[in-house]
Amino acid sequence: MMSMTCHNLDFGTRVRDLVAVGSSSNASFERHSVKNYGKTISEALHKNITRMVYCRQNITRTRVFSTKTSEALLDGVGQRTEPVLDLKKELRSPISLANLFEAVADDLQTLNQNLQSIVGAENPVLMSAAEQIFGAGGKRMRPALVFLVSRATAELVGLKNLTAKHRRLAEIIEMIHTASLIHDDVLDESDMRRGKKSVHQLYGTRVAVLAGDFMFAQSSWYLANLENLEVIKLISQVIKDFASGEIKQASSLFDCDLELEEYLLKSYYKTASLIAASTKGAAIFSGANHSVTEQMYEFGKNLGLSFQVVDDILDFTQSAEQLGKPAGSDIAKGNLTAPVIFALEKEPKLREIIESEFCETGSLDEAIELVKKCGGIERAQELAKEKADLAIKNLQCLPQSTFRFALENMVMFNLERID
């Protein structure tokens, strides 16, 4: 699988990548109204909202690494953090995606209209494969993040409207994400994606691989046309990270000695790298200063890690119908995630079952129950909350606005999935 990276292993040495150019439009009167209304709510909440501390004890066994990446990924893990937004007290009504993205609804509508034409009409089979996944009900979370950060940082520097580069960046990010999903399904032999048949099930492995490759290539071409070397480097690194993440995962299947920092590094490569590049690229195109762009990178990284941990928890707690794929599929394939890593610290029998690769009837169900009984789910929830805490802190450099409020709500929406 292809991939682009926004960082070297040393988080202090960053490279920038991906974006593209699309049409920009003036904000509608409706968005202006929503913005002012949301700003009022945001300011009130920030004055009165209860904050709380999530803390953890002895979260992981330690292993010494020479790179700074593991240290950066473990930032905040097992340590007492400062208070963050409390999901359980003030904002009691569940956060919906529709409300969450209302501030950038027009931007997302334009993006949806442009996505398929951007892929290219000269390849009907590849176009059909792309339409299958574009139309499979994706949340468009990544482009929404691009638009929200773009507008939040634009306000910071006095930019009134989004640029064509902001819009093209969002489109490219979604193309890269979609290409990675097509390849993931091939590598994982997944028959379903978002409740529908996966591309390789419908068109065969050959077409699926070529469709993913084509979308990576198209996004790279549009990226190059943005003519911003910093962003090109950032997004190019993301594609490399995708491949690195798949290699790390494939080389550690059924490995019960997998450490938490290795899991987080793989999660960064596969999930957080693209989100971090998206949010940083958006700030770069707004003309924000270095300090702000770095905070936006850290926000995307921490949100991405929290998001992945939550997904890994849901693999144990939700049904196949809710997931759109078989429940427990990760552990069944030997992909050991945060809940399993934590449970392995307490239950020797779990190691025996996993290392046997579930050769006995009923052993997979037994392993899943052991993960739940040994507190693996609860410890993973704490990890997801710690990363969310850090993401909220990263937003403090932004002025109060509808867009910052929506970004904070996105962090909380992710945690609500496991509440």
Practice task
Report the label-to-label distance for L364 and S93 in nanometres (one decimal), using points 7 Å from each Cα along the Cα→Cβ vector.
Solution key: 4.1
Completion exercise
Share of accessible surface on carbon and sulfur in region 316-379, whole %, 1.4 Å probe and ligands ignored, is 47
Exercise for the section: Using a 10 Å cut-off on Cβ atoms, rank the peptides 269-282, 371-384, 244-257 from the highest mean neighbour count down. Expected result: 269-282, 371-384, 244-257
Handout entry: Over 21 Å (Cα to Cα) - which of K197/K385; K240/K270; K139/K160 fall in this group
Key = K197/K385; K139/K160
Exercise for the section: Could you calculate the FRET efficiency of R417 with V125 from 1/(1 + (r/R0)^6), where r is the beta carbon distance between them and R0 is 41 Å, rounded to 0.05? Expected result: 0.70
Completion exercise
Counting only residues 5 or more apart in sequence or on a different chain, those whose built amide H sits under 5 Å from that of Q318 are none
Fill in the blank from the handout: Given 299-306, 354-361, the highest-first ranking by average Cβ count within 10 Å works out to 299-306, 354-361
Practice task
Which order do the peptides 102-112, 229-239 take when ranked by the mean count of other beta-carbon atoms within 10 Å per residue, highest first?
Solution key: 229-239, 102-112
Exercise for the section: Please identify which residues in region 358-378 have an amide N closer than 13 Å to a label point set 7 Å out from the Cα of K346, following the Cα→Cβ vector. Expected result: 369-378
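The values are calculated or read from the model by the stated rules, or taken from the named source; none is laboratory data. Every value quoted in this text rests on a predicted model; they were computed, and no experiment measured them. No Cβ is skipped: glycine too gets one built from the backbone with ideal geometry, and neighbour counts run over all protein chains shown. Please note that ligands, DNA and RNA were not included when accessible areas were found on the heavy atoms of the full protein model with its side chains. Shrake-Rupley method; radii C 1.70, N 1.55, O 1.52, S 1.80 Å.
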